[in-house]
Structure formats: structure tokens, C-alpha cells
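Structure first, then comments.
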Amino acid sequence: MNREQFFGQLATLDEQRLKKALWNLYWRGSAATRERIEAELDPAQHGRVKRPSEQPVDPHQVLEEVDEFVALARSGAYMAGDRRVSPRERTRWRLTFKRLVSDAQDGLRDRDATAAATALERLIDLACEGDYEYFHSEDPMEAAGFVVSDAVALLWATLQAHHGFAGFAQRAAPQLIRWERRHGWTRSGWGRVSKRETSLASVLAQLLVAPDMRIGFADCYLDALDRLAGKTPARANRGWQPMSRDRDRRTAELAEWHRLLLDWLIGSEAEDRLDRLADHSALGGPELEFLKAQLAHRRGDLSSARGLVHTALQHLPGHQDFLDLAAEIGAPLPPRAQQVAKERWR
């Protein structure tokens, strides 16, 4: 609306509805919005005392508040009748969360952004624990308006600026493993927040612009997988075996990142990293078989590629990427995959 249209709409409201609209704007708005409303309500007092919102945030204080908020959330205090969290605060959790995110992001502009970066990291960790019921909300990240990929992009850019590429890669690689979600971070998968989300693999594609950076980050990523697996050497190649649910899920979440590594490293002097990746004990399941099939295909070993994608399709017969590769290289389809492909063709 322009000014005339806006005032035309206001003319239809009585005094009580005008007060309600102004109160909602004041209570739910930003600190700057509240200040402007207060200036209109009491011009004589406005400006005499410096407002707290004008003062720079203290990153260490923000980190303490974040630690307390995260600990209370994980303890179930925002879900149950815990005296540490009032009933009013339980209904306003998203406002507290949004304020902490904003303060942590503001703190990243500080000369020493370590505390603010840690605070934002812990808030992102909490946001990625979507399987747990921490708040009374059907879709917490949609309710809080928190776009995880945007926050991660800001955090990683700050880490790279403050600590150089090596420091950034060492910290970001394990974060990638913890945070990547192939279907996003909202539960519904649709809405304003979901539309703005992007994969963390695409965030890294914007940051890792040089071949040396891609190889260096791949090394840090493999080291992070080694620590996750609890041992440094890769396991022997024994073909596909049933893996734990965590390994299968991790490999599926990181599938787009693995495809990027394949595109970047195949045919390069760092191609041996792909062998470590394809046989890593921290990964598993049909997505790992598919990665091996892609690697064999790119190396011209069609016989191995056909067998590997056939094995993957036995476990995920409806996976479209699997079916596309099988069609491209002429791999035989398991019975269930044949049925799915025929139904989709129809």
C-alpha cells in the first residue's frame, strides 16, 4: 500500500482496533520499531537517555544467554512445567530465539568474533535437532523464521575472514557433517522459510572457488569423518554391508556434497581422496553404493558401475537418481525397480 491507501484502510478502524494494531506492532516489532513508536508517544523523553538497543552487544554475554537457552530447551523446560521457564516465556520462545540469533550475528562484526561465532554455532546445532520436541510448535524453524543455510553462510564467511582458509576448513568440515539436510530444516518442507533455504553444499560451492581450496577442504572433511568413525585408516573394501541407520542417514544427507567432490576431484592429482571417501567406515547404505557406482562410471568401469547401482536399487527401488544412472549405463533393474520405472513411465 502507498500512503493514501494505508490511511484509507486505517479510516475504517475504530479507536480500539487502532490501539490493538499499534500494540501488536510495538510488542512484536524490532527494537528500532519500538523506539520510533515511543518517540511518537512521548517526544519530550525520547533521546534524553541512550537506548540499550543502541549499545553494541557483548558477545560473551550473548554466549552465556545462548548456553542457558539451549540447555533449558534440551532439558525440556520449554515443553513441561519447569519453574525455570515461566508459562509466558514458553509461548514466547521464538522471540527469545530470534533475539539471540540477531545478537550473535551482530557480534560477528566484532574484532574478536570467537564468542559470537560459538553462540551462533550452538543455536544452529539446536535448530538442526529437528527430531526432538523442544518447543510447543509444529514447525519450530518456520515459526522462528530462522533460515539455517543463511546463518551458516554468514558464520562460514566470518570464520574464513577471521581465521583464514585453514582455520575455517578445520571448523566448518565437522559442522557440514552435523548440519547438512537434503530436505531442509523445516519439518513441513514448505513455507516462507523453506523457500529461502539452500543446501550447505551449494554454500560451500560459493566459498571454495579455487582447486587448492577444494582439495584442502576435502582433506579436512575426510579427517572429520575419521574422527567420527573413531579410527584413522579406512576399512578394507568388502562390498556393501548393512550399516547403522546413522551412517545411512548421514550419507544420504551429504549426497549433494559428495557429488560436488566427485566433480571437483575426478581426474585430478587429488583423485585418491575419492577412494577414501567411497570406502569410509563413517558412511554406508545405498547412497554409498551409488557414489561408488558414479565413481566407477566416471573411470570407465561400466561392469562395476552396473553391479553397484543394481545393489543400490535393491534397497531404494524408487530413487530417481539411481534409476537415471541405471538407464544411462544399461544396468539391469531389480524387479521392484522395474515396476517403479514402468509406473513412472506411464
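Data for the structure
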item	result
Label point at Glu64 placed 7 Å out along Cα→Cβ; residues across the stretch 74-113 whose backbone nitrogen lies under 16 Å	104
Carbon + sulfur, % of accessible area of the chain - ligands and nucleic acids excluded, 1.4 Å	50
Hull-based mean projected area of the stretch 278-346, where the convex hull spans the alpha carbons, in square nanometres	4.2
Accessible area (Å², per residue) of the chain, counting only protein heavy atoms and a probe of 1.4 Å	56
Candidates Glu197, Glu15, Glu142, ranked by Gaussian network fluctuation over the chain, Cα under 10 Å, top entry	Glu15
For Cα Rg over 2.2 N^0.38 Å, calculated from these coordinates, the label among [x] 0.95; [y] 1.09; [z] 1.25	[z]
Ranking by accessible area, most exposed first, for Lys20, Lys292 with a 1.4 Å probe	Lys20, Lys292
J(HN,Hα) series, the stretch 174-181, from Karplus relation 6.51 cos²θ - 1.76 cosθ + 1.60, nearest Hz, glycine and proline x	x, 5, 4, 5, 6, 9, 4, 9
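The values are calculated or read from the model by the stated rules, or taken from the named source; none is laboratory data. This one's a predicted model, so the numbers in the text were calculated from it and none came from an experiment. Please note: Cβ atoms are built from the backbone with ideal geometry, for glycine as well, and neighbour counts cover all protein chains shown. Note: areas computed on protein heavy atoms with side chains; ligands, DNA, RNA excluded. Shrake-Rupley method; radii C 1.70, N 1.55, O 1.52, S 1.80 Å.
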